[in-house]
Amino acid sequence: MNTVTCTECEAEITLTDNVEVGEIIVCPECGVDLEVTGLNPAVVQLAPMEQEDWGE
Amino acid sequence: MNTVTCTECEAEITLTDNVEVGEIIVCPECGVDLEVTGLNPAVVQLAPMEQEDWGE
Amino acid sequence: MVSVSIIGGSGYGGGELLRLLLGHPQVEVRQVTSRSHLGEYVYQVHPNLRKRTQLKFIDPEQVEPVDVLFLALPHGQAQLKIDQYAALAPKIIDLSADFRLKDMALYEKWYGQPHAAPGWPAKFVYGLPELHRAEMAAANYISGVGCNATASNLALLPLVKAGLIDLDAPVIIEIKVGSSESGAEGNAGSNHAERANVIRTFSAYGHRHTAEVIQELGLSDVSLTMTAVDLVRGAMATAHARVKPGVANKDLWKAYRAVANENPFVRVVKEQRGIYRVPEPKIVAGSNYADIGFELDESNGHVISMCAIDNLMKGAAGTAVQCLNLMLGWDESAGLDFAGLHPS
Amino acid sequence: MVSVSIIGGSGYGGGELLRLLLGHPQVEVRQVTSRSHLGEYVYQVHPNLRKRTQLKFIDPEQVEPVDVLFLALPHGQAQLKIDQYAALAPKIIDLSADFRLKDMALYEKWYGQPHAAPGWPAKFVYGLPELHRAEMAAANYISGVGCNATASNLALLPLVKAGLIDLDAPVIIEIKVGSSESGAEGNAGSNHAERANVIRTFSAYGHRHTAEVIQELGLSDVSLTMTAVDLVRGAMATAHARVKPGVANKDLWKAYRAVANENPFVRVVKEQRGIYRVPEPKIVAGSNYADIGFELDESNGHVISMCAIDNLMKGAAGTAVQCLNLMLGWDESAGLDFAGLHPS
Amino acid sequence: MVSVSIIGGSGYGGGELLRLLLGHPQVEVRQVTSRSHLGEYVYQVHPNLRKRTQLKFIDPEQVEPVDVLFLALPHGQAQLKIDQYAALAPKIIDLSADFRLKDMALYEKWYGQPHAAPGWPAKFVYGLPELHRAEMAAANYISGVGCNATASNLALLPLVKAGLIDLDAPVIIEIKVGSSESGAEGNAGSNHAERANVIRTFSAYGHRHTAEVIQELGLSDVSLTMTAVDLVRGAMATAHARVKPGVANKDLWKAYRAVANENPFVRVVKEQRGIYRVPEPKIVAGSNYADIGFELDESNGHVISMCAIDNLMKGAAGTAVQCLNLMLGWDESAGLDFAGLHPS
Amino acid sequence: MVSVSIIGGSGYGGGELLRLLLGHPQVEVRQVTSRSHLGEYVYQVHPNLRKRTQLKFIDPEQVEPVDVLFLALPHGQAQLKIDQYAALAPKIIDLSADFRLKDMALYEKWYGQPHAAPGWPAKFVYGLPELHRAEMAAANYISGVGCNATASNLALLPLVKAGLIDLDAPVIIEIKVGSSESGAEGNAGSNHAERANVIRTFSAYGHRHTAEVIQELGLSDVSLTMTAVDLVRGAMATAHARVKPGVANKDLWKAYRAVANENPFVRVVKEQRGIYRVPEPKIVAGSNYADIGFELDESNGHVISMCAIDNLMKGAAGTAVQCLNLMLGWDESAGLDFAGLHPS
Ligand SMILES: NC(=O)c1ccc[n+]([C@@H]2O[C@H](COP(=O)([O-])OP(=O)(O)OC[C@H]3O[C@@H](n4cnc5c(N)ncnc54)[C@H](OP(=O)(O)O)[C@@H]3O)[C@@H](O)[C@H]2O)c1
Ligand SMILES: NC(=O)c1ccc[n+]([C@@H]2O[C@H](COP(=O)([O-])OP(=O)(O)OC[C@H]3O[C@@H](n4cnc5c(N)ncnc54)[C@H](OP(=O)(O)O)[C@@H]3O)[C@@H](O)[C@H]2O)c1
Ligand SMILES: NC(=O)c1ccc[n+]([C@@H]2O[C@H](COP(=O)([O-])OP(=O)(O)OC[C@H]3O[C@@H](n4cnc5c(N)ncnc54)[C@H](OP(=O)(O)O)[C@@H]3O)[C@@H](O)[C@H]2O)c1
Ligand SMILES: NC(=O)c1ccc[n+]([C@@H]2O[C@H](COP(=O)([O-])OP(=O)(O)OC[C@H]3O[C@@H](n4cnc5c(N)ncnc54)[C@H](OP(=O)(O)O)[C@@H]3O)[C@@H](O)[C@H]2O)c1
Ligand SMILES: [Zn+2]
Ligand SMILES: [Zn+2]
């Protein structure tokens, strides 16, 4: 089972078995988008997130 | 056990054993005040209720 | 400048009068009373008036002679001292219900007790310009209007005036109101945590303002159902009636437009696009407008007529100032130029 | 445990279903769909469910077979795929209007176009337990209810059931509603700065839910007038009718009490003192209760009957779960134990 | 079943306790007091409890011995009769401020007068499980918590516990609160027309709950600024502090996550998308959750830490029931399962 | 009469400008633009202006030469066409952020991209009369103000002007705002069911208006924390600073009073009795007032300074009209006479 550490909040994230390079996953703790940039071992990095209009 | 019928809504009301003439009871259904005016058999009649300011 | 004073200036109706009269170009406000805020600056109670006036509240017994006296007292008070007040000023405009009803039997029926000064109501013109404009020029005494009565009367006016409904058929008026209607005193139910978020039908039928609709429009079977909602200012009447056979949509348009054309503060709101297609109280808050509209179900003649007002303005102080203008022969809109806000 | 899935779980009706079903002792929620929030945790959309579930939204096309399928789609969608959905589960509860009306002519009249799956509505029991409880034990398909229809039907149920009003006489229902009625999508008019503080009569007559009142109560001349107020949850119906000659207050008491006694979620609210004397939506928010009350003007037989509900609960998801319980022979109240809040 | 009674059951804190205890699987509610509503059904005051109980309010002097006694009296009352109350029950949970502060000098400084029963506070565990869970299993007396103190203490707990801020540096806490904080009594300022639409900073500094933050977290320079907003339930604390040099975003994540993991009712809310990215009181209304979140300005170490609670739940009655569960060795969440509503 | 036109007249800032300019005694409004409401009457979008004007929205490209041109466009638009606009009028007043910041590096830092017309900002006077009144008489170009920046700048002005605080010490400003701040467009989070009842800290630090506080007051360590509350109009800033050693309450009184005396629309609100003791946005809604107040904790020098404004008035259109008056040498208050409402 592949696990990675979120680069934003250092949460431990378990990847599904069929994860692929280039896939975007959402950190279940802090909600950032992470791009899978490598496998064996799995590596992720922050993916650019669209800044939606929010609040005011 | 003494029961009476509410004069406003005809609910059956069970009186407690130690009820006395002149006592005010609240109808559990419609909330009016009822005065006990007789016992054996028990009789009630509408008691005057203060019109509090309410709503607007 | 015409001099005026207000008895009952710390309340909501009196405070609104004060705001309007301070901004009126032909008026000078002399004195304002409050027993519970004696000696305080009026802006301590009405903080919107800070930097507008240095007036302080005085005792009602200290009021001096003046050109026009405004009364803004709770129901039942003005009739107790009307002779004393009349001695202070040749002209009086009263906001309360004390001099609205002309038939003392009708008064007693709806207010539950005999009038204390039964000779006085007849001297007062009922204070709704849309119904009694002509009489006001010659009047010395003008009564206030009930806020819910006004929303109801203006909702129905086009239908009644144009003879589109039968005066003896049942009319049901649903009125939704804000919390300022109940005045500055408040009661258990007006505590914010209890009053916020409500849709509370506090009077299903039998509201006292019904009497003013009966008197002014001649309806015989009319009921007002009052529901409080979470708003401070505003009264919205939705009247349900049946038009006479043959009456069509275009007849209604004519009738409503006619009333709006004759009355500077009445507007017809009936749009086919956009957000604001019907009358809404929030749009008229602070202004003297009464926005009216209608929908007709041609399949059965059911007409739904609406009127939105600010209860403290068109429903009380605004109309009172409009009456002042008419009574003194001034521009009917003087001092009443605020348009209302959007958004709000 | 019975397995369930929800199609349309990111909306207001679906989110409320999810909240209830996650807390239901005999149910396991398997899948929840949303196309626009695909892959997100359900608590990112419904933040009240954080720490309650780790479910993520999936695509509606990925839904797997399950014991009971809930549909919470916008009007018109479920009828397009009902065969596909029926293949996934032996039992379906639908929240939409698609399977409520049994007469396809009535459907077409009120919804403006022919039904896409005209054979299906007849298979669905109309989902109001207070009207169809007995049929539900044997049902496989139960429709949802219109929220405004439910407030109307429950306001009138005691009068109709006890035969106190004439079914052919005109009935006027004034309904005040909160903003969650229009769903999570929103529109120009639901922008907060425009929607706040409103008393906005957005539909004077002709609202589609009228058809459900006609179908379920057999009334022939009934109209619903819809007014939006500044509240999120809540629908309050005030129905105006005339009782048959001779009907007195006590008869109404009996009729209302009977309905409340037979139905666990119906309560009569008619008090003589205190703040809460009449039904109010804020008191039932989040709960499955329908509070009903009445006032009778004995002078003319005008009866004002009220019903307050939470449109998302008794008016949608709460009633749907109540139907689930009845369909599966469970305790009617399972999963529906929240009492509502005071103050609120 | 454990028997409990509530002294002060007609108020907002007592009413909420009653709602929770009536739904608690291991508790039987025996008696509930109110002097001003003597003899009335509790649902006449708390209409959400209709069909939930037939209890009536009794006189406080009629309370009989019971397993656990809850006190929900205005400040200063419980200390006057604590010996009498202690004679009625071996275990007491008090909602008021009377037994929260352990240092009688601190009490006198913030409450302006000496304590009437200075021997008692030391016997009470301060009632916040997130700070004193371990002590509760052995306790007989547990105090309530200040609602604003709780929002403040939970906003700062992760920072203090992980040693990320200097306890002697200044901390500023801005708190926004709803109207139910001030109880059922009300005052001139809580009249709906005055209290609606407010952003009113009624206490810039010096609020009494500050003492609980000082006592529980050991901060030496902390201030609470209280602002009332137009909401019934809810307290939202925004705390401003400076982290120690070198502390980064990841350290904060670890600290907040740790507190959320150890405490069933604490949740971290810090999202990057969607509408609900930060803690919000409306999401936790009616539930026992405390939602916490943070933002760090890494350029200068300014950390903004947030906590949203329902003042009557996590800030009063909910936490009191959580304490009951811990004191009696029950599941910490028993009777506290309502998730809160979305939308709301 | 001076002729004016408004580009961007269907928005909230533009609509408010229109309301004010239609009521201005020395101004004639020629044209008002909207692309999305082309050809509609302005009162169809701004229903408060019904019976006030028969103007229709035109295309921005059809604007004709005029004495003064007002721009009320979303951020980033005016800078793209400023040369074209300048060709239409010798004088321009812009509501947007495009010409507020004078240092292009500061602009780029806070707005994330280079300015499209970097030569233009220097030609604009920053549009806050309380800071730049003298320069305005000679100006041809005046920029708008940020609404949150204005609440912040006016809250701090007395402290900075009188030299009572150290410009390099940290200042924390907590700002609570209504929904009209985000303009007529709206977004997912402004849907009423999501936006109602919020206390939502949507920007903990880093709000763009911070740059205007830095530029105008010379503070070096200042942060703005933005919290949305359930209100349409209003911005309330609560600034936390530390006064220099020795500064006492009476020094603050002098400083605040001085600012109020010099500026017709600034008022000090600091009362010891009654309901309205501090500045409140609801009191200034619709008016051009900025109400300021303060509290000093003499034990540690912590000063809490408050400012309440209507974001669309003193925070945008009201101040713009005030600037117009100063630029043209008119009475500073012309067209700005509405006092605000109580109750509201
Ligand atoms: N609120 C509305 O929407 C509305 C609309 C239409 C008409 N009205 C009518 O306007 C009148 C005033 O209503 P309101 O809402 O303004 O009431 P309010 O807010 O309660 O104000 C009442 C005012 O009268 C004064 N007052 C009370 N008793 C008095 C007495 N015996 N002698 C002298 N002054 C007395 C009060 O000040 P002190 O007690 O301090 O002297 C206060 O200033 C009522 O008759 C009402 O029916 C109100
Ligand atoms: N709101 C109420 O008070 C209320 C009361 C009674 C009954 N109802 C009924 O309940 C139903 C849902 O109403 P609502 O207020 O919950 O609406 P809503 O908030 O707009 O939610 C609609 C849901 O359906 C999904 N959806 C939309 N189109 C879809 C499609 N073609 N296929 C699959 N999923 C689709 C949406 O998610 P995605 O688009 O992300 O897939 C969303 O989850 C309606 O039929 C309404 O009449 C509502
Ligand atoms: N409201 C909150 O958000 C909150 C949050 C945290 C803690 N608390 C604390 O909880 C306590 C109660 O607050 P609350 O808001 O519920 O107050 P409340 O609404 O004013 O209720 C007070 C209750 O106490 C009763 N009571 C008053 N004086 C009494 C006396 N001398 N003897 C017996 N009963 C008496 C009242 O009923 P009768 O007068 O009819 O007997 C009422 O039931 C306070 O100490 C408060 O600090 C409140
Ligand atoms: N709202 C506030 O509280 C506030 C306070 C202070 C300052 N401001 C500033 O005032 C400005 C306007 O804000 P607002 O809240 O009024 O915004 P808004 O409600 O969104 O209105 C924007 C207006 O500009 C028009 N518009 C948009 N793009 C345009 C373009 N490219 N060319 C011509 N017209 C265009 C729009 O109409 P069409 O799209 O139909 O043409 C609309 O009339 C902003 O720069 C804002 O920063 C606002
Ligand atoms: Zn993460
Ligand atoms: Zn009864």
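Report, for D:E61, each distance to the same residue's label point in the other copies, shortest first and in nm; define the point 7 Å along Cα→Cβ.
4.2, 7.7, 8.7
Give me the net charge of F:S34's neighbourhood, meaning all other residues with Cβ under 12 Å from the Cβ of F:S34; Lys, Arg count +1, Asp, Glu -1.
Values: positive: F:R35, F:K56; negative: F:E40, F:D59.
Around F:S34, the charge tally is 0.
If packing is taken as the average count of other Cβ atoms within 10 Å, what order do D:227-238, C:165-176, C:274-285 fall into, highest mean first?
On the way: D:227-238: 27.3, C:165-176: 21.0, C:274-285: 25.7.
Put in order of decreasing packing, that is D:227-238, C:274-285, C:165-176.
Kindly report the accessible area of the stretch A:3-46 per residue (heavy atoms of protein chains, probe 1.4 Å, no ligands, DNA or RNA), in Å².
Working: 2220 Å² over 44 residues.
Each residue of the stretch A:3-46 exposes 51 Å² on average to a 1.4 Å probe.
How far is the Cα center of the stretch F:55-82 from the Cα center of the stretch E:117-175, in Å?
Cα centroid of the stretch F:55-82 versus Cα centroid of the stretch E:117-175: 57 Å apart.
Using +1 on the beta carbon of Lys and Arg, -1 on that of Asp and Glu, and nothing else charged, what's the dipole of the stretch D:281-344 about the Cα centre, debye to 20?
On the way: 2 positive and 8 negative charges, 53 e Å.
Here the stretch D:281-344 has a charge dipole of around 260 debye.
Run down the lysines and flag those whose C-alpha is under 21 Å from the C-alpha of E:K51, throwing out any fewer than 8 positions away in its chain.
E:K51 reaches D:K254, D:K270, D:K282, D:K314.
For F:K123, list the lysines whose Cα falls under 21 Å from its own Cα; do not include residues on the same chain fewer than 8 positions away.
Leaving aside lysines fewer than 8 places away in the same chain, those within reach of F:K123 are F:K81, F:K91, F:K102, F:K109.
Specify which residue in the list F:H132, F:P264, F:I165 is farthest towards the positive end of the charge dipole of the stretch F:132-270, using unit charges on the beta carbon of Lys, Arg (+1) and Asp, Glu (-1), about the Cα centre.
F:P264
Around A:L39, what is the net charge, scoring Lys/Arg as +1 and Asp/Glu as -1 over all other residues with Cβ under 15 Å from its Cβ? Could you put the intermediate results ahead of the total?
Working: positive: none; negative: A:D17, A:E20, A:E23, A:E35.
Here the charged neighbours net out to -4.
Note the buried accessible area between C and F here, summed over both chains, with a 1.4 Å probe, in Å² to the nearest 100.
Details: alone 14990 and 15020 Å², together 26400 Å².
Buried surface at the C/F interface: approximately 3600 Å².
Mind putting a number on the dipole of the stretch C:135-196 about its Cα centre? Charges go on the C-beta only, +1 for Lys and Arg and -1 for Asp and Glu, and I need it in Debye to the nearest 20.
Working: 3 positive and 7 negative charges, 31 e Å.
Around 140 debye, computed over the stretch C:135-196.
For the interface of chains E and A, what total accessible area is buried with a 1.4 Å probe, rounded to the nearest 100 Å²? It would help to have the intermediate numbers written out before the result.
Details: alone 15070 and 4300 Å², together 18050 Å².
Buried surface at the E/A interface: approximately 1300 Å².
Rank F:L252, F:V198, F:Q84 by how far each Cα sits towards the positive end of the charge dipole of chain F (+1 on Lys, Arg Cβ; -1 on Asp, Glu Cβ) and give me just the farthest.
Farthest towards the positive pole: F:V198.
Between rounded, prolate and oblate, where does the stretch F:147-309 land on the alpha carbon gyration tensor, with a ≥ b ≥ c its root eigenvalues, rounded for a/c under 1.5, else prolate if a/b exceeds b/c? Kindly include the intermediate steps, with their values, before the conclusion.
Values: a/c = 1.97, a/b = 1.50, b/c = 1.31.
Cα axes put the stretch F:147-309 in the prolate bin.
Can you send over the carbon and sulfur percentage of the accessible area for the stretch D:3-155, probe radius 1.4 Å, protein chains only? Each step should come with its number before you reach the end.
Details: 2770 of 5400 Å².
It is 51 percent, rounded to a whole number.
When ligands, DNA and RNA are left out and all protein chains stay put, how many square angstrom of accessible area per residue does chain E have with a 1.4 Å probe? Kindly include the intermediate steps, with their values, before the conclusion.
Values: 10220 Å² over 344 residues.
Each residue of chain E exposes 30 Å² on average to a 1.4 Å probe.
What shape does the stretch E:252-292 take by its C-alpha gyration tensor, where a ≥ b ≥ c are the square roots of the eigenvalues and a/c under 1.5 counts as rounded, a/b above b/c as prolate, and the rest as oblate?
Numbers: a/c = 3.09, a/b = 1.12, b/c = 2.76.
Cα axes put the stretch E:252-292 in the oblate bin.
Which residue fluctuates most in the GNM of chain D (Cα springs below 10 Å): D:L324, D:L38, D:L224?
Result: D:L38 has the largest fluctuation of those listed.
If you take the square roots of the eigenvalues of the alpha-carbon gyration tensor of the protein assembly as shown and sort them as a ≥ b ≥ c, do you get rounded (a/c under 1.5), prolate (a/b over b/c) or oblate?
On the way: a/c = 1.24, a/b = 1.01, b/c = 1.24.
Cα axes put the protein assembly as shown in the rounded bin.
If you take every DSSP beta bridge whose two residues both sit in the protein assembly as shown, what share of them, in percent to the nearest 5, is antiparallel? Walk me through the numbers before you get to the answer.
Details: 126 of 242 bridges.
Beta bridges within the protein assembly as shown, antiparallel portion: roughly 50 percent.
Could you tell me which of F:S223, F:Y141, F:M236 has its Cα farthest along the dipole of the stretch F:123-241 towards the positive end, charges placed at Cβ (Lys, Arg +1; Asp, Glu -1), taken about the Cα centre?
The residue sitting most towards the positive pole is F:Y141.
List the residues of the stretch A:16-42 whose accessible area drops by at least 50 Å² when all protein chains are present, compared with their chain alone, using a 1.4 Å probe and counting only protein heavy atoms.
A:V26, A:P28, A:E29, A:C30
Summing +1 for each Lys or Arg and -1 for each Asp or Glu, what net charge is found among the other residues whose Cβ lies under 12 Å from the Cβ of D:Y205? Don't skip to the end; give the middle numbers.
Working: positive: D:R208; negative: C:E295, C:D297, C:E298, D:E174, D:D221.
Around D:Y205, the charge tally is -4.
Residues of C:280-290, mean number of Cβ from any other protein chain within 10 Å of their own Cβ, rounded to a whole number? Working shown, then result.
On the way: counts 8, 4, 10, 8, 3, 6, 8, 1, 0, 4, 0.
Per residue, the average neighbour count from other chains is 5.
Kindly provide the GluC sites (Glu not before Pro) of the stretch D:195-301 that DSSP labels as loop, not H, G, I, E or B, and whose Cβ sees at most 13 other Cβ atoms within 10 Å. Walk me through the numbers on the way to the answer.
On the way: sites: D:E212, D:E216, D:E262, D:E271, D:E295, D:E298; in loops: D:E271, D:E298.
Qualifying residues, ordered by number: D:E298.
Top mean-square fluctuation among E:Q322, E:Q113, E:Q215, Gaussian network model of chain E, C-alpha springs under 10 Å?
E:Q113
Sort shortest first the distances from D:K109 to its counterpart in every other copy, using label points 7 Å along the Cα-to-beta-carbon line, and give them in nm.
4.0, 7.0, 7.7
Please check: in the Gaussian network model of chain E (C-alpha springs, under 10 Å), which one of E:G246, E:G127, E:G293 has the largest mean-square fluctuation.
E:G246
Taking all protein chains in place and a 1.4 Å probe, what share, in percent, of the accessible surface of chain A do carbon and sulfur account for?
Values: 1440 of 3210 Å².
Carbon with sulfur: 45 percent of the solvent-accessible area.
How far is the Cα center of the stretch C:178-253 from the Cα center of the stretch E:319-342, in Å?
Between the Cα centres of the stretch C:178-253 and the stretch E:319-342 lies a distance of 44 Å.
With +1 assigned to the C-beta of every Lys and Arg and -1 to the C-beta of every Asp and Glu, and no other charges, what is the dipole magnitude of chain D about the Cα centre in debye, to the nearest 20?
The calculated dipole for chain D is roughly 540 debye.
Checking buried surface per residue: for the stretch C:211-246, which residues lose a minimum of 30 Å² accessible area in the protein assembly relative to the chain alone (1.4 Å probe)?
C:D221, C:V229, C:D230, C:L231, C:V232, C:R233, C:H240, C:R242
The values are calculated or read from the model by the stated rules, or taken from the named source; none is laboratory data. As the structure is a computational prediction, the values presented were derived from the model and not from experiment. Cβ sites come from the backbone with ideal geometry, for glycine too, and all protein chains shown count toward neighbours. Note: areas computed on protein heavy atoms with side chains; ligands, DNA, RNA excluded. Shrake-Rupley method; radii C 1.70, N 1.55, O 1.52, S 1.80 Å.
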